[in-house]
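Working notes for the structure below.
A short reminder: the numbers here are calculations on the coordinates, not readings from a lab. Keep in mind it's a predicted model, so treat the numbers as computed, not measured. FYI the Cβ positions are ideal-geometry reconstructions off the backbone, even for glycines, and counts take in every protein chain you see.
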Amino acid sequence: MCCNSTDHMGIMMKLSSEPENAPIPDSPFSGSFTCVRILFISAFSLLLCSCGGGSDTPAPLPQSVAERFVIDGVVDLAAVGTVHEKTIDIRDAFGTGAFVKTATLRYAARNDDRNLYIALEWDDATQDSFDPAGVMDNFDGIVVIADNDGDGVLEENEDAHRLVMTNYGSIYGDLHVHLTQAVDDAVADGRGRMTYSAGKYHAEFLIPLAPDAAGEDGTLNATTRFNVLLYDHIQIQPPSPAGNIGFLNGGPQLGAGTDTTAWALLPYVSPGAYDQPALPANLTGLIAFISDHQNPKGEIYTFNPATNNVVRVTNTTGLYLDGVSLSHDRTRIAFYAAPTSTDYANYEIYTVNVDGTNLLKITNNTDLDGHPAWSPDDSEIIYASFRSGGIASLIRMNATTHAEILNLTPAGANDNDPDWLPDGRIVFKTDRFGTPGTPEVRIAVMNADGSNVTQLTGTAGTSDHDPVATSTTTVFERFTKGTDYATDPTSLYAAWNIVEARIDGSSERNLIADGWINWLPVYDPSAQYLVYLKSVGYTDARLMNKDGRDLGRLIPNISRVRYIDWK
Ligand SMILES: [Ca+2]
Ligand SMILES: [Ca+2]
Ligand SMILES: [Ca+2]
Ligand SMILES: [Ca+2]
């Protein structure tokens, strides 16, 4: 799978667009109500049991592998199942040349009815990794590749998953066989992570058993043959690509043959029933989102969660698009855009009708303008204007005349990511409560005239972004380091959690804290669910319940989502 430079150029990843900004809402805090309800049900069950005699309570279903095994790159093989061990010869010339060294690979796998989980560990005396801000070269990695139908031939669209090591963490890729190469899937699935410690790599993958909509994954089952490739010191840059590879089950490598008859059968067991989360059937409202799966600069789309219908709104505006906000009447979309992603002086606020007509530029200046949000009655838009040098002010404007109404930010303060509460207050992020100049921005709420500013969050060593709020709670993403994420190259390899805080500032809790980049949470119109973006080497829009249980990919077949709103 890996072995010529073309493939290795293609092997690379796109952590292209990651966190920068967000959306609106409506939700009651349900804690006490839930407790009462549980108490009631428990008492009632007890009553039934004591009188009825027979207990027909079904045994709980086993936990799914996706929820049981957190993909953090640290593995406990004994907790997975039977541990397999093999000593592998690592050879140069991408596995075809002279013997270099041996590695002892130990692995275990477990599947349910939806996913295959594989955990692996192997020894490597030297960690080779690259700086993701520079050239991709001189790295270690691992590939799991499948002859899905087990017919002894590695064929078009059969599946592979890869991890490569950077200086800050691993990069995951979902691949498939195409013309004897391994290339990125159009629809990315699964996830994986590897870590290095004390002369040893740990790696783990979560891989769907079913193919994606583009047919690029293949079915994994008991007839599937598989192989594992260990990468050591891979150099893909010209003029002298080189690298060491070891094969768990013998060759071939891609481009040098497709005979897989020496590969072992996948350790798959016929699954029973599992407690698998599922998307609800009663979702309402309309989602607006930006994706770059058809245009690298991004296009705006709508998604109707009741019909699963995706409709493209824009058609090649020529602009780099960011920060959609859907009006409450679901007829207009505000966003910000510039000729290129780094043309900061020319980021302006725009609006467009959901049918793609009436594209309007509604700011026009030399400042960066961004992050628009509609007022509850859609008569105003609030946005962030970098009119004071490197810091932003929150501006209310008339959504029809585009006249400026009020600057809510006092001189010297840096406010951003504004959104409206249903009651007309404004939630935003601000540096007002920290040491001046620190990147540890906090979530706050204020009246629409800028008065009565209340700090809602304040966890040291973190920064909070992109809040939306109901009248009782706010949700936002939290970067779990004290650095400025925009300039910290490790920010794309660190945990971003989805956090909920009460609007009175009294308490908060993590909704999602799994080590991945989780961002842009937005309530659905009922405030029973939230959509959020998850970046694991690709970015998809996922649904969670209001207690943070991930229910799965909400917008199907798109894994290049950049921004999202739901009204
Ligand atoms: Ca095959
Ligand atoms: Ca895929
Ligand atoms: Ca694939
Ligand atoms: Ca190495």
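Around Arg478, with a cut-off of 14 angstrom between Cβ atoms, what is the net charge of the other residues, counting Lys and Arg +1 and Asp and Glu -1?
Values: positive: Lys429, Arg442, Lys481, Arg509; negative: Asp417, Glu440, Asp464, Asp466, Glu477, Glu500, Glu508, Asp514.
Neighbour charge sum, excluding Arg478 itself: -4.
Compute the Cα gyration tensor for the range 240-389, then decide on rounded, prolate or oblate, letting a ≥ b ≥ c be the square roots of its eigenvalues: rounded whenever a/c is under 1.5, prolate when a/b is larger than b/c in the other cases, and oblate in all that remain.
Working: a/c = 3.20, a/b = 1.72, b/c = 1.86.
Oblate is the answer for the range 240-389, as a/c is 1.5 or above yet b/c matches or exceeds a/b.
Expressed as a whole number of Å, what is the distance separating the alpha-carbon centroids of the range 98-123 and the range 484-557?
Between the Cα centres of the range 484-557 and the range 98-123 lies a distance of 30 Å.
How long are the three semi-axes of the equivalent ellipsoid for the range 208-253, computed from the Cα gyration tensor as the root of 5 times each eigenvalue, in whole Å, largest first? Numbers along the way, then the final one.
Details: eigenvalues 165, 49, 11 Å².
Sorted largest first and rounded, they come to 29, 16, 7 Å.
How long are the three semi-axes of the equivalent ellipsoid of the range 448-498, in whole Å, if each is the root of 5 times an eigenvalue of the C-alpha gyration tensor, listed from largest down? Provide the component values of the computation, followed by the final result.
Numbers: eigenvalues 121, 30, 19 Å².
For the range 448-498, the semi-axes come out at 25, 12, 10 Å.
Can you compute the modelled spin-label distance between Ala278 and Asn157, with each label point 7 Å from Cα toward Cβ, in nm?
My value for the distance between the label points is 2.7 nm.
How large is log10 of I(q)/I(0) for the range 372-461 at q = 0.14, 0.15, 0.20 Å⁻¹ when the intensity is taken from the Debye formula with one equal scatterer per alpha-carbon?
Computed log10 I(q)/I(0) values: -0.46, -0.52, -0.90.
Counting other Cβ atoms within 10 Å, which trypsin sites (Lys or Arg not before Pro) in the range 359-396 have at most 13 and lie in a DSSP loop? Each step should come with its number before you reach the end.
Working: sites: Lys361, Arg387, Arg396; in loops: none.
Nothing satisfies the criteria.
For Ser388 and Ala214, compute 0.36 nm times the residue count separating them, minus their Cα-Cα distance, and round to one decimal in nm.
Extra length from Ser388 to Ala214 when fully extended: 57.9 nm.
Using 1/(1 + (r/R0)^6) with R0 = 30 angstrom and r between the beta carbons of Glu404 and Asn315, what's the FRET efficiency to the nearest 0.05? Present the calculation step by step, with values, prior to reporting the outcome.
Values: r = 30 Å, r/R0 = 1.01.
E(calc), rounded to 0.05, equals 0.50.
I need the phi-derived Karplus couplings for the range 166-174: 6.51 cos²θ - 1.76 cosθ + 1.60, θ = phi - 60°, integer Hz, Gly and Pro marked x.
10, 5, 10, x, 8, 10, 9, x, 9
Between the range 410-457 and the range 197-261, how many Å separate their Cα centres?
Spelled out, the Cα-based centre of one part sits 48 Å from the other.
What Kirkwood hydrodynamic radius, in Å, does the range 464-556 give when the mean of 1/r is taken over all pairs of distinct Cα atoms and then inverted?
Numbers: mean 1/r = 0.0745 Å⁻¹.
One decimal place: 13.4 Å for the Kirkwood radius.
Let me have the 222 nm mean residue ellipticity of the chain computed from DSSP H runs of 4+ only, each contributing -39500 (n - 2.57), with the sum over all residues rounded to the nearest 500.
On the way: 4 runs with 36 residues, N = 567.
Rounded to the nearest 500, it is -2000 deg cm²/dmol.
Of the options Asn111, Asn148, His202, report the single residue whose Cα projects farthest towards the positive end of the charge dipole of the range 64-265 (beta-carbon charges: Lys, Arg +1; Asp, Glu -1).
Projecting each Cα onto the dipole axis, the largest value belongs to His202.
Which residues make up the longest stretch of the chain clear of GluC sites (Glu not before Pro) that lie in a DSSP loop with no more than 16 other Cβ atoms within 10 Å, not counting the sites?
It works out to 157-567.
Quick one: give the max-minus-min coordinate of the C-alpha atoms of the range 47-179 along each principal axis, largest first, in Å.
75, 37, 32
Calculate the all-directions average of the projected area of the chain's alpha-carbon convex hull, and give it in nm².
On the way: hull surface 112.9 nm².
It is 28.2 nm².
Identify the residues of the range 199-217 with backbone N under 17 Å of a label point that sits 7 angstrom from the Cα of Ser270 along the Cα-to-Cβ direction, or state none.
Under 17 Å, as judged by backbone N against the label point of Ser270, lies no residue of the range 199-217.
Report Rg(Cα)/(2.2 N^0.38 Å) for the range 126-245, keeping two decimals. Can you show the working numbers first?
On the way: Rg = 14.7 Å, N = 120, 2.2 N^0.38 = 13.6 Å.
The reported ratio for this selection is 1.09.
5 Å is the cut-off here: which amide hydrogens, built 1.01 Å from N in the peptide plane, fall below it relative to Val153, excluding neighbours closer than 5 in sequence?
Result for Val153 returns Thr260.
In terms of the Cα gyration tensor, with a ≥ b ≥ c the square roots of its eigenvalues, is the range 318-438 rounded because a/c is under 1.5, prolate because a/b exceeds b/c, or oblate? Can you show the working numbers first?
Numbers: a/c = 1.99, a/b = 1.27, b/c = 1.56.
Oblate, because a/c is 1.5 or more while a/b does not exceed b/c.
Which cross-chain or sequence-distant (5 or more) residues have an amide H under 5 Å from the amide H of Ile349, H modelled 1.01 Å from N in plane?
Answer set, sorted by chain and number: Ile362, Thr363.
List the residues whose amide H sits under 5 Å from the amide H of Arg432, counting only those 5 or more places along or on another chain, with H placed 1.01 Å from N in the peptide plane.
Answer set, sorted by chain and number: Asn414, Arg442.
Give the value in nm², to one decimal: projected area of the alpha carbon convex hull of the range 64-265, averaged over all directions. Intermediate values should be presented prior to the final figure.
Details: hull surface 43.3 nm².
Value for the range 64-265: 10.8 nm².
Which three semi-axes in whole Å describe the equivalent ellipsoid of the range 276-561, each the square root of 5 times a Cα gyration tensor eigenvalue, listed largest first? Walk me through the intermediate numbers first.
Working: eigenvalues 126, 116, 72 Å².
One finds semi-axes of 25, 24, 19 Å for the range 276-561.
Suppose R0 equals 45 Å; then what is the FRET efficiency for Arg330 and Asp149 from their Cβ-Cβ distance, rounded to the nearest 0.05? Working shown, then result.
On the way: r = 45 Å, r/R0 = 1.00.
My answer for the efficiency is 0.50.
Would you list which lysines come within 28 Å of Lys546, measuring only between C-alpha atoms, while excluding same-chain residues fewer than 8 positions from it?
Cα-Cα hits under 28 Å: Lys429, Lys481, Lys534, Lys567.
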